[in-house]
1. Among the trypsin sites (Lys or Arg not before Pro) within segment 6-98, which fall in a DSSP loop and have no more than 11 other Cβ atoms within 10 Å of their own Cβ?
2. Are there GluC sites (Glu not before Pro) in segment 1-95 that DSSP puts in a loop and that have at most 12 other Cβ atoms within 10 Å, and which ones?
3. For His96, His83, His62, give the ranking by accessible area with the largest first, probe 1.4 Å.
4. Just tell me which lysines come within less than 25 Å, Cα to Cα, of Lys84; anything on the same chain fewer than 8 places away is out.
5. In nanometres, what is the gap between the two model label sites at Leu13 and Arg78, each 7 Å from Cα along Cα-to-Cβ?
6. Using a simple spin-label model with points 7 Å from Cα along the Cα→Cβ vector, what separation in nm is obtained for Asn86 and Tyr35?
7. Once you place label points 7 Å from the Cα toward the Cβ at Leu106 and Ile61, how far apart are they in nm?
8. So how many Å³ per residue does the convex hull of the Cα atoms of segment 22-118 work out to?
Amino acid sequence: QTLDESKFLRHILPDYFSHMMKHPHSLLTHFYGLYRVKMPDIGKCTYFVIMKSVFNTEKEIHKIWDLKGSTKGRRANRGDSVHKDNDLLDEGRKLHFGSKVKQDFLDELKLDTGFLSRMGIMDYSLLLGVHVRTEKVDPITTVDVDSVVEGDEGDNSSQS
């Protein structure tokens, strides 16, 4: 982090804190701390942040995309571990959510992007990680995420 980035983060901190308290399921980065280390021998300060891991899961993340919603210049270089918008389009992948989860996701995304816009932050991405399941799934006993969220474990028919 630079000094300017550090100042900006401290400037938006009250609004960020308020947003995160009102929206505990926010998709924004969860910052835990901003620190400065002063090295007196060389007269320099280094700033760094500690934040929650974006992929805080026990499951292996097989593929990651950094999505901005644009196609201009949005292709990863060969060998990059993080892919971009055009790579996702080239693969023909689609995301499937249950209707409740989809609406919750879109609502949270709208709240978060509104916050970022109010803070004057216009360069942001959605980091998407995918875990590929290898075991066969029995459609009769499978419960979709939508049903679990709503507490109705018997209905797994809603897909969008």
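1. Filter output for segment 6-98: Lys52, Lys59, Lys72, Arg78, Lys94.
2. Working: sites: Glu5, Glu58, Glu60, Glu91; in loops: Glu58, Glu60.
Sites meeting the loop and neighbour criteria: Glu58, Glu60.
3. Details: His96 135, His83 45, His62 85 Å².
Sorted by accessible area, descending: His96, His62, His83.
4. Straight-distance partners of Lys84: Lys52, Lys59, Lys63, Lys68, Lys72, Lys94, Lys102, Lys110.
5. Here the answer is 4.7 nm between the modelled labels.
6. 4.0
7. The two pseudo-label positions are separated by 2.5 nm.
8. 211
The values are calculated or read from the model by the stated rules, or taken from the named source; none is laboratory data. The shown structure was predicted, so the numbers you read here are calculated from the model rather than taken from an experiment. Because the Cβ atoms are built from the backbone with ideal geometry, glycine has one as well, and the counts that use them run over all protein chains shown. What goes into the accessible areas is simple: the full protein's heavy atoms, side chains included, and nothing from ligands, DNA or RNA. Shrake-Rupley method; radii C 1.70, N 1.55, O 1.52, S 1.80 Å.
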